[in-house]
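Accompanying notes for the structure given below.
The values are calculated or read from the model by the stated rules, or taken from the named source; none is laboratory data. Not measured: the values here are computed from a predicted model. Here the Cβ is made from the backbone with ideal geometry for all residues, glycine too, and neighbour counts use every protein chain on show. The accessibility values were calculated without ligands, DNA or RNA, using every heavy atom of the protein model including side chains. Shrake-Rupley method; radii C 1.70, N 1.55, O 1.52, S 1.80 Å.
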Amino acid sequence: MNVEVPKMAVQLGGIGIPQGDVIECHVHLGATKEVSSWELLLQNWDKKYSPNGTYPLAVGQDGYICIGRGTNVPQIITTRTESVKYESSPSENYVRVAGRCWGEKLFRRVVTKTYVNQKGEAIVKDLLDYYVGLS
């Protein structure tokens with residue numbers, strides 16, 4: 001059986017992260033009682049992802065992670081960066097970036113509105129449009 005190596009595309013803020021910079025990628029896809037979360041360990045060559053670097057990463061940046069095989073790499077999570085930690089030694093520089101999906105904003109809301117005889121997709125659209133500021 002011939003199986004292609006997984007490919008990924010990562011965008012954090014306006015920064016496209018090259019696949020070669022990704023050392024580790026953990027994505028937890030949550031459901032009903034939990035939100036999705038993610039964590040990346042990146043090579044930080046020449047400290048390019050550091051605050052004064054060429055492509056600084058910061059808490060609060062939105063983005064996405066796509067993972068797949070072949071030519072199509074579907075988006076599996078829309079992200080919000082919640083943590084940026086730098087790990088350095090005399091010869092190596094890394095940055096560990098983590099966060100949760102946008103759904104976290106929805107799970108934190110209390111909504112008292114009643115929905116009767118509506119499809120789930122209509123309810124979710126209403127919640128996203130009017131209660132959490134997401135599109």
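Compare E39, E92, E121 in a GNM of the chain, Cα atoms joined below 10 Å, and give the one with the largest fluctuation. Comparing E39, E92, E121 in the GNM, the peak value goes to E121. Here the translational diffusion coefficient of segment 42-81 follows from Stokes-Einstein with Rh set to the Kirkwood radius across Cα pairs; for 10 °C and 1.306 mPa s it amounts to 134 µm²/s. Rolling a 1.4 Å probe over the heavy atoms of the protein chains gives the chain an accessible area of 65 Å² per residue.
When the helix-only estimate is applied to the chain (DSSP H runs of n ≥ 4, each -39,500 (n - 2.57), divided by the residue count), what is the mean residue ellipticity at 222 nm, nearest 500 deg cm²/dmol?
On the way: 2 runs with 16 residues, N = 135.
The helix-only estimate for the chain comes to -3000 deg cm²/dmol at 222 nm.
State the Kirkwood hydrodynamic radius of segment 16-64 in Å, one decimal place, computed from all pairs of distinct Cα atoms.
Values: mean 1/r = 0.0804 Å⁻¹.
Kirkwood hydrodynamic radius for segment 16-64: 12.4 Å.
For the chain, report the translational diffusion coefficient in µm²/s to the nearest whole number, using Stokes-Einstein at 25 °C, 0.890 mPa s, and a Kirkwood Rh over Cα pairs. For these conditions, the coefficient is 147 µm²/s. Comparing mean-square fluctuations of T112, T54, T81 from a GNM of the chain with C-alpha springs under 10 Å, the top value falls on T112.
Between V73 and Y86, the simple label model (points 7 Å from Cα in the Cβ direction) yields a spacing of 2.6 nm.
Could you please state how large a percent of the accessible area of the chain is carbon and sulfur, counting protein chains only and using a 1.4 Å probe? List each step's numbers first, then the result.
On the way: 4560 of 8760 Å².
For the chain, the apolar C and S fraction of the accessible surface comes to 52 percent.
Here the chain is scanned for chymotrypsin sites (Phe, Trp or Tyr not before Pro) in DSSP loops (not H, G, I, E, B) that have at most 16 other Cβ atoms within 10 Å, and the longest stretch holding none of them is 1-114.
Pairs of Lys residues in the chain, spaced 8 or more positions apart or belonging to different chains, with C-alpha separations under 18 angstrom: 6 in total. Using a probe of 1.4 Å, the accessible surface attributed to K47 totals some 110 Å² when neighbouring protein chains are kept in position.
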